[in-house]
Amino acid sequence: MCGIVGYVGSKDASSIVLEGLKKLEYRGYDSAGIATVNGDLAIRRAEGKLVNLENRLREAPLDGHLAIGHTRWATHGAPIERNAHPHADEARVIAVVQNGIVENFMALRAQLQQEGHTFVSDTDTEVITHLIDKYLAQGDGLVEACRRAFRQLHGAHAIAVVSKQEPDKIVTVRLGNAGGVIVGLGQDENYLASDIPAILDHTQQVVYLEDKEMAVITAGQVNFYRLDGQPLRKETHQITWDPISAVKGQYRHFMQKEIYEQPQSIQSTIRGRVDFTSGQVHLEHLSLTPAEAKAIERIVIVACGTSAYAGQVGKFMLEKLAQVHVSVDYASEFRYRDPLLDDKTVVLAITQSGETADTLASMEEGQRKGAKLWSIVNAHGSMAHRISDGVILMQAGPEIGVASTKAFTATLTDLFLLGMYLGQQRGVLGAEESFELATALAHLPELAGETLVEGYNDYQTLAKLYHHCEHFLFLGRGLNYPIALEGALKLKEISYIHAEGYPAGEMKHGPIALIDDNMPVVCIATQDHVYDKMISQIEQVRARKGIVIALINEGDNEVAAKADHVLKIPTAHPLLTPVLSVIPLQLLAYHTAIWRGADVDQPRNLAKSVTVE
Ligand code: AGP
């Protein structure tokens with residue numbers, strides 16, 4: 001959940017690291033810090049957002065050509081400067097940054113205290129500093145001292161270490177799934193980062209560290225080792241992301257930019273995967289023979305948060321298009337419930353970041369029990385991508401806003417493509433139906449674009465009228481139920497309004513008690529097979545004087561006449577309608593949060609990549 005950046009070369013290291021941290025601030029913003037080695041070890045840290053560290057650096061700049069930095073999402077210890085990374089030893093020889101949790105830190109801390117080490121923070125990370133310090137004092141060089149310290153840690157970590165006694169190098173390690181460690185390769189300079197956007201302005205050549213792998217990074221070279229000291233040869237990957245896609249441009253917020261990018265990201269998702277004359281789908285990293293496709297008896301989708309809601313929509317798509325049983329599990333539950341899996345089951349992980357700890361653990365559980373492992377992933381090269389037997393790489397580009405938007409619609413599009421592909425391979429979809437589905441898909445980017453046209457829906461009026469409400473209800477049925485969940489999640493994440501998504505038919509079994517004339521109820525009532533049922537539920541809300549905000553298909557005067565307000569979307573293929581219906585809900589949440597003065601891109605307490613349990 002924290003972000004790490006490192007640089008060694010001939011340029012001003014602290015500015016490069018600071019700029020890199022800005023691109024990782026979505027991972028945590030409780031405090032930040034940078035350490036440079038320039039003859040001496042110097043550290044600047046500041047509580048709160050990165051701008052505070054930036055101001056501190058303006059008052060007291062850091063010189064030098066080697067630096068590590070960190071932006072924190074607090075786990076152990078309050079988000080105050082004393083607990084900010086980097087953490088130095090008592091003699092201020094080494095500095096350490098960590099992403100992850102040292103699960104055995106209490107025992108290690110007690111032991112180190114007994115041995116005479118004095119702790120100055122409440123963090124688990126500080127034990128790593130003291131452990132390395134202990135081994136340096138025993139005469140080890142930095143790399144060996146780090147190796148001995150790393151081997152004592154329980155849990156999952158990404159760690160970087162510098163020392164003024166060996167001022168030319170950064171030592172880094174990945175232990176388990178605490179988020180990525182990416183080494184960026186330059187010309188007489190090298191980089192280290194938790195995620196690609198941090199170094200994308202400087203290099204597109206990267207090496208990913210796997211579990212229990214270390215790198216020793218100097219300006220001239222990078223050496224890779226296993227934790228036991230064995231040298232390693234690692235493959236270099238070329239990143240295809242465009243550096244421009246990781247900046248805000250003319251938009252006020254990343255979330256806003258990412259909402260408006262959806263026509264383009266949906267287009268990129270479809271591009272090259274569909275033959276529009278035959279309707280045949282081709283997925284580049286998932287090729288199955290018809291026999292293999294027919295042998296699949298069950299698909300178990302595992303994911304968290306927004307990705308899990310995408311999975312719930314995916315269940316409808318896959319069952320309809322490929323006639324295969326699908327279940328959807330929250331990864332945090334799945335991993336602990338001893339699920340029944342076998343080699344005829346596919347565990348399909350959905351994850352934007354490819355780093356979510358619960359999702360990765362569920363994938364491991366699937367692997368252990370002999371299931372096939374597929375994933376839909378946005379972060380190319382991430383752990384989820386690398387451990388999958390088959391993968392659909394989202395083409396959404398980097399998503400920086402903490403509230404996921406374009407990755408959700410890209411996932412829905414990918415799930416539709418997967419449904420078509422499996423349906424074709426399993427002999428469920430014939431030529432005519434394939435052609436119709438492909439044609440429907442071809443229109444999708446344009447329809448998403450229409451939904452986003454200025455003035456198409458009046459979000460300002462709604463946000464102005466209802467931003468003071470403390471509760472919202474979102475109702476939907478069928479495919480629109482997960483969209484109700486996602487609409488509610490978006491609103492609560494960025495505006496801090498309590499919002500609940502509910503299957504509309506269940507409202508009368510309890511939540512109806514909440515409805516009064518102060519309760520906005522967003523009713524997703526697109527024209528599908530449960531449209532009439534949804535109208536009845538709107539009547540039930542109206543009868544209790546609830547404020548009805550109906551999300552309808554353009555031109556639906558019947559529901560419009562019953563609603564206090566409408567949000568409209570163009571008409572699309574029923575299975576693709578959720579891709580459109582979520583867009584007005586994203587914008588409703590966005591504008592409401594702006595009216596409430598909330599920090600849209602960095603909502604309180606959240607982090608983009610949830611790499612801890
Ligand atoms: C979405 O707005 C959230 N911030 C969150 O629910 C997110 O979708 C979840 O943490 C899963 O992340 P992943 O897709 O990167 O695995």
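The values are calculated or read from the model by the stated rules, or taken from the named source; none is laboratory data. Owing to the predicted nature of the structure, the values given are computational and were not obtained by experimental measurement. Note that each Cβ is placed from the backbone with ideal geometry, even for glycine, and that neighbours are counted across all protein chains shown.
What is the one condition in (1) out of contact with any Phe, Trp or Tyr (no Cβ under 7 Å at 6 or more places or on another chain); (2) modelled with pLDDT of 90 or more; (3) more than 16 Å from the ligand (Cβ to nearest atom) that Leu576 does not satisfy?
Here Leu576 meets the rest and fails (1).
Among the residues of the range 455-471, how many are among the aromatic types (Phe, Trp, Tyr) and part of a loop (DSSP other than H, G, I, E, B)?
Result for the range 455-471: 1.
Name the residue that is nearest to the ligand (Cβ to nearest atom), counting only residues in the range 282-327 that are in contact with an Asp or Glu (Cβ under 6 Å, 6 or more places away or on another chain) and among the aliphatic types (A, V, I, L, M).
Filtering first and then ranking leaves Val302.
Quick one: how many residues across the range 355-375 are part of a loop (DSSP other than H, G, I, E, B) and in contact (Cβ under 8 Å) with a residue 40 or more places away in the chain? Write out each step before concluding.
Here is the first cut: in the range 355-375, the ones part of a loop (DSSP other than H, G, I, E, B) are 355-356, 369-371.
Applying the additional criterion that residues be in contact (Cβ under 8 Å) with a residue 40 or more places away in the chain yields 355-356, 371.
Residues that pass the stated criteria total 3.
Can you tell me how many residues within the range 480-524 are touching a Ser or Thr at 6+ places or on another chain (Cβ under 7 Å), buried (at least 24 other Cβ atoms within 10 Å of the Cβ) and among the hydrophobic types (A, V, I, L, M, F, W, C)?
Number of matching residues: 3.
Among the residues of the range 317-347, which ones are within 30 Å of Ile400 (Cβ to Cβ) and in contact (Cβ under 8 Å) with a residue 60 or more places away in the chain?
Met317, Leu318, Ser332
Of (1) out of contact with any His (no Cβ under 8 Å at 6 or more places or on another chain); (2) at pLDDT 90 or above; (3) within 16 Å of the ligand (Cβ to nearest atom); (4) not aliphatic (A, V, I, L, M), Ser609 satisfies all except one. Which?
(2)
Restricting to the range 474-494, count the residues that are farther than 19 Å from Val530 by Cα and without any contact (Cβ under 8 Å) to a residue 60 or more places away in the chain.
2
Which residues, taken from the range 579-602, are touching a helix residue (DSSP H, G or I) at 6+ places or on another chain (Cβ under 7 Å), part of a loop (DSSP other than H, G, I, E, B) and within 16 Å of the ligand (Cβ to nearest atom)?
Answer for the range 579-602, where residues must be touching a helix residue (DSSP H, G or I) at 6+ places or on another chain (Cβ under 7 Å), part of a loop (DSSP other than H, G, I, E, B) and within 16 Å of the ligand (Cβ to nearest atom): Ala598, Val600, Asp601, Gln602.
Just the residues that are of a type in the set (Gly, Ala, Ser) and closer than 10 Å to Asp343 by Cα, please, taken from the range 368-383.
Gly370, Ala371, listed by residue number.
So which residues in the range 324-354 are out of contact with any strand residue (DSSP E or B) (no Cβ under 8 Å at 6 or more places or on another chain), assigned to a loop (DSSP other than H, G, I, E, B) and among the acidic types (Asp, Glu), if there are any at all?
Asp338, Asp342
Exactly one condition in (1) within 16 Å of the ligand (Cβ to nearest atom); (2) surrounded by 24 or more Cβ atoms within 10 Å (Cβ to Cβ); (3) outside any loop (DSSP other than H, G, I, E, B) is false for Val391; which is it?
(2)
Just a yes or no: is a residue in the range 430-437 outside the structural domain of Phe416 (by TED's automatic domain parsing), touching a helix residue (DSSP H, G or I) at 6+ places or on another chain (Cβ under 9 Å) and surrounded by 15 or more Cβ atoms within 10 Å (Cβ to Cβ)?
no
If you go through the range 154-199, how many residues are at negative phi, outside any strand (DSSP E or B) and in contact (Cβ under 8 Å) with a residue 24 or more places away in the chain? It would help to see each step written out before you state the result.
Residues of the range 154-199 at negative phi: 154, 156-175, 177-178, 180-187, 189-199.
In the following step, the residues that additionally are outside any strand (DSSP E or B) were identified as 154, 156, 164-169, 177-178, 180-181, 186-187, 189, 194-199.
Going one step further and asking which of them are in contact (Cβ under 8 Å) with a residue 24 or more places away in the chain, we end up with 154, 156, 164-169, 177-178, 180-181, 186, 189, 194-199.
Final tally of qualifying residues: 20.
Restricting attention to the range 332-351, and to residues there that are modelled with pLDDT of 95 or more and either hydroxyl-bearing (Ser, Thr, Tyr) or under 18 Å from the mean Cα position of the chain (by Cα) (or both), which single residue is farthest from the ligand (Cβ to nearest atom)?
Taking the candidates together, the pick is Thr345.
Of the conditions (1) under 30 Å from Asp601 (Cα atoms); (2) at pLDDT 95 or above, Thr218 clears all except one; give me its number.
Here Thr218 meets the rest and fails (1).
List pairs: first residue in the range 42-66 and closer than 26 Å to Asn605 by Cβ and assigned by TED's automatic domain parsing to the domain that holds Gln165, second residue part of a loop (DSSP other than H, G, I, E, B) and among the hydroxyl-bearing types (Ser, Thr, Tyr) anywhere in the structure, Cβ distance under 8 angstrom, at least six positions apart or on different chains.
Final answer for the pair search is Gly48/Tyr29; Lys49/Tyr29; Leu50/Tyr29.
Looking only at the range 402-451, which residues are assigned to a helix (DSSP H, G or I), out of contact with any strand residue (DSSP E or B) (no Cβ under 6 Å at 6 or more places or on another chain), within 16 Å of the ligand (Cβ to nearest atom) and of a type in the set (Val, Ile, Thr)?
Thr409, Thr413
Looking at Leu422, Leu373, which one is at pLDDT 95 or above, assigned by TED's automatic domain parsing to the domain that holds Leu340 and within 22 Å of the chain's Cα centre (by Cα)? Can you show your working first?
On the way: Leu422 fails: within 22 Å of the chain's Cα centre (by Cα).
Testing whether each residue is at pLDDT 95 or above, assigned by TED's automatic domain parsing to the domain that holds Leu340 and within 22 Å of the chain's Cα centre (by Cα) leaves just Leu373.
Return yes when Asn605 is outside any helix (DSSP H, G or I) and more than 22 Å from the chain's Cα centre (by Cα) and no when it is not.
It is false that Asn605 is outside any helix (DSSP H, G or I) and more than 22 Å from the chain's Cα centre (by Cα).
When you go through Val93, Val102 one by one, which is the residue that is touching a Leu at 6+ places or on another chain (Cβ under 8 Å), within 24 Å of Phe119 (Cβ to Cβ) and modelled with pLDDT under 90?
Val102
Do you know which residues across the range 475-504 are of a type in the set (Val, Ile, Thr) and farther than 17 Å from Thr405 by Cα?
Hit for the range 475-504 is Ile497, nothing else.
Would you point out the residue of the range 557-603, among those that are in contact with a strand residue (DSSP E or B) (Cβ under 8 Å, 6 or more places away or on another chain) and of a type in the set (D, E, K, R), that is farthest from Glu25 (Cα to Cα)?
Filtering the range 557-603 for residues that are in contact with a strand residue (DSSP E or B) (Cβ under 8 Å, 6 or more places away or on another chain) and of a type in the set (D, E, K, R), the one farthest from Glu25 (Cα to Cα) comes out as Lys562.
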